[in-house]
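Okay, structure first, notes after.
Read-outs throughout are calculated quantities, based only on the coordinates presented, and are distinct from any laboratory measurement. On a predicted model such as this, the values are computed, not experimentally measured, just so you know. Glycine also receives a Cβ, built like all others from the backbone with ideal geometry; neighbour counts cover every protein chain displayed.
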Amino acid sequence: MEFDLLVHNIGQLILPKGTKRPLKGQEMKQLNIMENAAIGVIDGKVAWLGPEAEAVTFSAKERVNANEKVVSPGLVDPHTHLVFGGSREHELSLKQAGVPYLEILAQGGGILSTVTSTKNATEEELFEKASFHLERMISHGVTTFEAKSGYGLDPETELKQLRVVKRLKEKYPISIVSTFLGAHAVPPAYKGKEDQFLTEMAELLDEIKEYELAEFVDIFCETGVFTIEQSRQFLQKAKEKGFGLKIHADEIDPLGGAELAAYLEAVSADHLVAASDEGIDRLSKSNTVAVLLPGTTFYLGKDQYARARKMIDEGAAVALATDFNPGSCVTENLQLIMSLAALKLKMSAEEIWNAVTVNAAHAIGKGMEAGTLETGKDANFVLWDIPNYKYIPYHFGVNHVQSVYHSGNKLWERMPYGEIQLSSAR
């Protein structure tokens with residue numbers, strides 16, 4: 001057999017279990033590690049996985065020596081707000097001084113600042129800015145991710161954001177899932193008229209579907225934003241139009257967002273810091289993935305993190321994401337989130353790897369395509385400059401990636417002497 005690419009002398013090959021549903025509860029503790037392994041690629045697909053002893057008998061057009069380091073599936077980031085205008089670093093000093101968020105908002109800051117900047121930016125400016133952040137995500141090992149709209153809060157700007165995501169899909173040879181989050185906040189002009197605003201956002205669904213601008217629809221169900229009933233009605237309309245469902249749920253108050261997500265068979269319920277016992281129980285009895293965002297809790301300086309241990313111990317499926325956005329979690333580094341999951345969510349290394357691969361893929365409808373390395377699937381993988389799979393949660397705050405591959409093609413590589421290079425965008 002001759003491979004297009006043979007990666008050999010792998011110290012540890014991480015092989016999350018592939019299933020038609022996310023891994024739940026005790027299943028998340030199971031992580032197959034193949035020692036002294038190799039992986040062969042033909043036509044961009046995984047053609048063979050096996051021991052190093054067999055690899056020496058094969059020929060290959062290209063051979064990569066892993067030098068006894070770690071190889072994993074490409075990471076999956078299932079919750080990002082990638083496309084936005086401006087930045088809000090000037091607000092950090094206000095937060096440090098104890099200025100309440102509502103006061104920052106009243107001064108034109110907060111999400112309203114990002115909404116204004118996004119409205120004022122051209123589509124090309126948003127595309128260039130999003131490309132910068134996307135390439136940084138790739139450099140940290142992400143080969144599949146989700147990108148939301150939500151910083152327009154009007155039809156024109158929401159569609160502009162979604163068009164940018166579609167252009168990114170066309171440019172970059174990675175897997176991108178698009179989510180319409182027009183119901184991200186209530187614009188000031190619609191205070192007290194939230195139902196009218198949701199009706200206007202729902203009127204965009206046909207156009208979004210016609211032009212294939214999004215696969216999922218999301219809503220921020222929270223105190224002061226949208227109620228459980230408003231969220232149910234809005235998401236039900238999206239479901240009837242053929243969209244998958246996601247929901248920002250129970251971030252601050254236990255309104256019942258987790259329960260609603262399970263009831264509607266949403267692909268994910270995200271945040272869940274305040275999820276109730278009943279909500280966790282409902283999630284454990286469903287295939288809805290609990291997408292946890294510890295980086296947001298950390299950045300906001302909160303003490304209470306999502307109850308990952310209870311969720312997993314009771315049988316729920318858990319994934320991790322960056323929640324990359326300009327206001328509450330300004331990082332593209334999913335490796336940092338893995339460390340926070342260990343330190344703050346008390347997740348084991350095995351649970352963490354499953355949460356950023358197979359379960360994260362299921363959380364954006366890509367469970368049969370991404371998140372695992374199996375024969376016949378796209379050869380999306382990362383070569384890590386680490387001695388074993390437990391090392392990333394342990395050694396935090398740096399980038400451990402040596403090289404990133406998508407469909408067997410090298411996308412990014414750390415060069416000698418600290419130089420880096422991103423290659424072959426289509």
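Kindly indicate whether Phe324 is of a type in the set (Phe, Trp, Tyr), more than 15 Å from Leu75 (Cβ to Cβ) and either under 16 Å from the mean Cα position of the chain (by Cα) or surrounded by fewer than 20 Cβ atoms within 10 Å (Cβ to Cβ) (or both). No; evaluated as a whole, the condition is false for this residue. The set of residues from segment 263-291 being outside any loop (DSSP other than H, G, I, E, B), under 19 Å from the mean Cα position of the chain (by Cα) and in contact (Cβ under 8 Å) with a residue 60 or more places away in the chain comprises Ser268, Asp270, Val289, Val291. Name the single residue, out of those in segment 172-188 being farther than 23 Å from Thr223 by Cβ and in contact with a Leu (Cβ under 9 Å, 6 or more places away or on another chain), that is surrounded by the most Cβ atoms within 10 Å (Cβ to Cβ). Once the filter is applied, the top-ranked residue is Ser178.
Assuming Ser339 fulfils every condition listed in (1) free of Cβ contacts under 8 Å to residues at least 40 places away in the same chain; (2) closer than 29 Å to Phe216 by Cβ apart from one, which condition is it? It fails just one condition, (1).
Considering only residues in segment 89-104 that are surrounded by 14 or more Cβ atoms within 10 Å (Cβ to Cβ) and of a type in the set (D, E, K, R), the one that is nearest to Val330 (Cα to Cα) turns out to be Glu91. Number of residues in segment 272-316 that are surrounded by 19 or more Cβ atoms within 10 Å (Cβ to Cβ) and either in contact with a Gly (Cβ under 8 Å, 6 or more places away or on another chain) or of a type in the set (S, T, N, Q) (or both) equals 10. The number of residues in segment 189-216 being of a type in the set (D, E, K, R), within 24 Å of the chain's Cα centre (by Cα) and surrounded by 13 or more Cβ atoms within 10 Å (Cβ to Cβ) comes to 2. Looking across Glu54, Glu62, one residue alone is part of a strand (DSSP E or B), farther than 22 Å from Ala147 by Cα and free of Cβ contacts under 8 Å to residues at least 60 places away in the same chain. It is Glu62. Scanning segment 79-104 for residues that are outside any helix (DSSP H, G or I) and either of a type in the set (D, E, K, R) or under 23 Å from Ala147 (Cα atoms) (or both) gives His79, Thr80, His81, Leu82, Val83, Phe84, Gly85, Gly86, Ser87, Arg88, Glu89.
Has segment 150-167 got any residue that is aliphatic (A, V, I, L, M) and closer than 14 Å to Thr114 by Cβ? Among the residues of segment 150-167, at least one is aliphatic (A, V, I, L, M) and closer than 14 Å to Thr114 by Cβ, which makes the answer yes.
For segment 105-160, taking the residues that are assigned to a helix (DSSP H, G or I) and of a type in the set (Ser, Thr, Tyr), the one that is surrounded by the fewest Cβ atoms within 10 Å (Cβ to Cβ) is identified as Thr116. Return the residue satisfying two criteria in turn: it lies in segment 378-418 and is touching a Pro at 6+ places or on another chain (Cβ under 9 Å) and part of a loop (DSSP other than H, G, I, E, B), and of such residues it is surrounded by the most Cβ atoms within 10 Å (Cβ to Cβ). This residue is Asn380.
Return a yes/no flag: does segment 138-147 have any residue that is without any contact (Cβ under 8 Å) to a residue 60 or more places away in the chain, under 24 Å from the mean Cα position of the chain (by Cα) and closer than 28 Å to Ser175 by Cα. Checking segment 138-147: not a single residue is without any contact (Cβ under 8 Å) to a residue 60 or more places away in the chain, under 24 Å from the mean Cα position of the chain (by Cα) and closer than 28 Å to Ser175 by Cα.
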